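Structure, as structure tokens:
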Amino acid sequence: MKPCLISIVVVSKLKAKDLTAKKIAKIKPKAKCCKKSTRCIKCPVVLHRLGKQECESMCKRDFQKVLDKARKR
């Protein structure tokens, strides 16, 4: 197995409450947005919205609020 595949598998099994800004930075976005009511964490729209925020300087509670807002439709 390639080392990069292992990191993708580990990140994909994480729940939204366990994510931090460092883990979000390592996620590779999907090619296309799924049409679900709540966007998934790997959605390119969610990652773009999180990239516009300064997530590294936030505490965990503020980061969760920003993440929940980014995932809403």
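The values are calculated or read from the model by the stated rules, or taken from the named source; none is laboratory data. On a predicted model such as this, the values are computed, not experimentally measured, just so you know. Positions of Cβ are generated from backbone atoms using ideal geometry, with glycine treated the same way; all protein chains shown enter the neighbour counts.
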From the option list Ile24, Ile6, single residue qualifying as surrounded by 11 or more Cβ atoms within 10 Å (Cβ to Cβ) and either at pLDDT below 85 or assigned to a loop (DSSP other than H, G, I, E, B) (or both) is Ile24
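Considering only residues that are part of a helix (DSSP H, G or I) and over 21 Å from Lys30 (Cα atoms), which ones fall in the stretch 46-63?
Glu56, Ser57, Lys60, Arg61, Asp62, Phe63
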Filter the stretch 9-20 for residues that are modelled with pLDDT of 70 or more and over 19 Å from Lys72 (Cβ atoms); the one that is surrounded by the most Cβ atoms within 10 Å (Cβ to Cβ) is Thr20
